Each structure stands twice: as C-alpha cells, then as structure tokens.
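Everything below concerns the one structure shown next.
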Amino acid sequence: MTDPLAQMPDHFLSSTDLTGEQVTALLDLADELKAERAQRVAAGERIERGTLAGKTVAMIFEKPSTRTRVSFQVAVSELGGHPLSLSSAELQLGRGETIADTGAVLSRYVHGIVVRTFGQDRIDDLAAAATVPVVNALTDLEHPCQALADLQTFREVHGGFEGRSLAYVGDGNNVTHSLLLAGALVGLSIRVGHPEGYGPDAAIVEQAQQIAARTGASITVTTDPVAAVDGADAVYADVWTSMGQENQAEERLERFVPYRVTSELLSHTADGAIFLHCLPAHRGEEVTAEVIDGPTSHVFDQAENRLHAQKALLATLLT
Ligand code: CP
Ligand code: NVA
C-alpha cells in the first residue's frame, strides 16, 4: 500500500486539502512524535530531530496568538529548522504591500510560510503567489491545524472515530468549519448546536455532508443545544466572539447564554464523554469554570497536541 503522506498537497489552507487517509496518517505520526519526545525528555536527551535542518519557516500573524505562535515556533526548532515569527505590524504588509507580493518575496528566502489572517481570500492569494508550502494558522473561515490536534486528542481518549460523535456548541465559526470537514474526513460524526443566525457556513456544511456520506459519519446542525450533545462522546466550545468580531461582542453575550457548556448540559452526553476547547477560553461565558477545570476537560492536552500535530504536518509538507 502506498504511504498517504508521500503525496502531500502543495499547501494546507483547508482541512479538505488532505484526504481522510492523510489525516489519519498524520495523526499516527503525531502520536509517534509525541511518544518519542516524552521518552527523550524523560531520558534527559535532546529533543531535536534533523527533519527540517537548514530550513527556515516564516510565520505571519495578522491576529494575536499564544498557542499557534509558540507551538509552531517550537515545532520548527525541534525539527532542526529555524522559525521566523513576524507580525503584520512589523512587515510592509502593515503599510499596504499586498499579501501576494509578501508571499512571493518570502518564498525567495524561506522553505515554508505559516499564516494567520482574516479572509480565506488573503491566504489563497498568498499561496497562489508563493513557491513554497503555505499553512493556514487560522483564517475567518477555517482553523485546520487546530482540528488536527483536536482529532489527535479525541482519538487518544476514545481510541478511534468510527461510530463516535463530537458536539460543537456555540458560534458556527472557523473552528466549527474545520471540525466539520476534518471530522467528516476521518468518519467522526459532528453535531453543531448554535443560536439562530449564528450557524456554520452553509457551503461548508454541505461539503462536510458530502464527505461524511462517503466515510460513514453524519453531520447534524441544530439550534437545540441539548439535542446537539445528546449521547455525544465529546462536547466542544469556543469563544462566542472570534477575533475581528469584537463590535458584536455585546449582542452575542446575550444571545449565546443558552449555549453555555455547563455540567447540566454535559449530563446529556455518553458515558466517558470529554470536554474540549481550542482556547483561549472565557470562564463563565461559553463554559463554566466547573466544566473546563473539571475531570472531563482535555483542553491542555489539545493545546499540547498542537505541537505534535503541527510537527507531523511540517515534517511531511516541507520535505
Ligand atoms: N487555539 C489557538 O489557535 O490559540 P491561539 O490563538 O493562542 O494561537
Ligand atoms: N474562533 C476563535 C478561535 C481562536 C483560536 C477566533 O477566531 O478568534
């Protein structure tokens, strides 16, 4: 059988740039890298591998970031490469240079470009002009690296995806979109419970449904939070107001209250269900402190898995 990772796409801009087989193989590699790192740390050995030796990876952030910035930076370093973290404010991008020109220029210096930006059109423009792989580190439409770490975390706990479901409760946003697509690719059923008017993008839902029809998963979108989580193996929350939507924060705060993840909401899930959140979290808004700081929460494993999943991605996309 051919190795699905032998034929990686040019870029990773959307979860659907990968096949289900590629996602599964990346998760396997991420698990391996995680185990190897733990062993080396325990033995007091150097963590570094030479996979990206001599390679520089530029990271452009047009929005704030803690996890993505640090996990990518550490991932590149631990693979033996050189990470270059850049904010748009310190680039000519902040003074109006086009994102396409930025991509073309950086391609002359570096071996990969990781980008966090606003519209998906911006990363598409950058990738079209770049001659090196481009990775989506969050756009308004998707957060595909997050979804890889989320699936890795889900699989660590539940052992697989077949016949299992994850319920996302809250705003139908970038994180929801990548979960819908990546979940469908690996055969994990995704249910979304959202307030009226704040659902996921209809085209993404349709795309996820088409993929799910092939992989045996199901996609459910409802405005009833209890129906969404009923019998689910994981409940996932994200902020009610994403970066760039700050002017809607007040109205969202009122509309989203019935979608807060509480212990009561979790009482409707399957035995052994876990709580997930991409972080940063707002305790008392989308999730209670009792839930996020409680025994079913795996949010810090998710944050850690960003490192392992992105190492697996970079090691295969850039070599
Ligand atoms: N989850 C996530 O992407 O976090 P950051 O915004 O801190 O990178
Ligand atoms: N949906 C959130 C995710 C942050 C990691 C946002 O886009 O701000």
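Quickly run through segment 91-101 and pick out the residues that are open to solvent by 20 Å² or more (accessible area, probe 1.4 Å) and either within 15 Å of ligand 1 (Cβ to nearest atom) or in a helix (DSSP H, G or I) (or both).
GLN92, GLY94, ARG95, ALA100, ASP101
Quick one: which strands (runs of 3 or more DSSP E) lie wholly within segment 137-242 and hold at least 3 residues that are away from ligand 1 (no atom under 16 Å from the Cβ)?
165-169, 189-193, 219-222
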Seminar exercise, completed: Within segment 259-269, residues being surrounded by fewer than 16 Cβ atoms within 10 Å (Cβ to Cβ) and either in contact (Cβ under 8 Å) with a residue 24 or more places away in the chain or outside any loop (DSSP other than H, G, I, E, B) (or both) number 3
Problem set entry | Among (1) more than 15 Å from ligand 2 (Cβ to nearest atom); (2) out of contact with any His (no Cβ under 7 Å at 6 or more places or on another chain); (3) closer than 30 Å to GLN22 by Cα - the single one GLN302 does not satisfy | (1)
Seminar exercise, completed: Just one listed residue, out of PHE275, PHE256, PHE300, is open to solvent by less than 70 Å² (accessible area, probe 1.4 Å) and either under 19 Å from the mean Cα position of the chain (by Cα) or within 16 Å of ligand 1 (Cβ to nearest atom) (or both), and it is PHE275
For this session: May I ask you to list the residues in segment 64-90 that are open to solvent by 70 Å² or more (accessible area, probe 1.4 Å), over 18 Å from CYS145 (Cα atoms) and either without any contact (Cβ under 8 Å) to a residue 12 or more places away in the chain or within 16 Å of ligand 1 (Cβ to nearest atom) (or both)?
Result: ALA89, GLU90
For this session: Take ALA53 and decide whether it is open to solvent by 40 Å² or more (accessible area, probe 1.4 Å), more than 16 Å from ligand 1 (Cβ to nearest atom) and among the small types (Gly, Ala, Ser).
Result: yes
Exercise. From the set of residues in segment 9-24 that are in a helix (DSSP H, G or I) and touching a helix residue (DSSP H, G or I) at 6+ places or on another chain (Cβ under 7 Å), which is farthest from THR153 (Cα to Cα)?
Worked result: THR16
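The values are calculated or read from the model by the stated rules, or taken from the named source; none is laboratory data. Here the structure is a predicted model, which means the values were calculated and not measured. Counting neighbours? That spans all protein chains shown, and the Cβs are built from the backbone with ideal geometry, glycine included. Note: accessible area is taken over every heavy atom of the protein model, side chains too, but ligands, DNA and RNA are not part of it. Shrake-Rupley method; radii C 1.70, N 1.55, O 1.52, S 1.80 Å.
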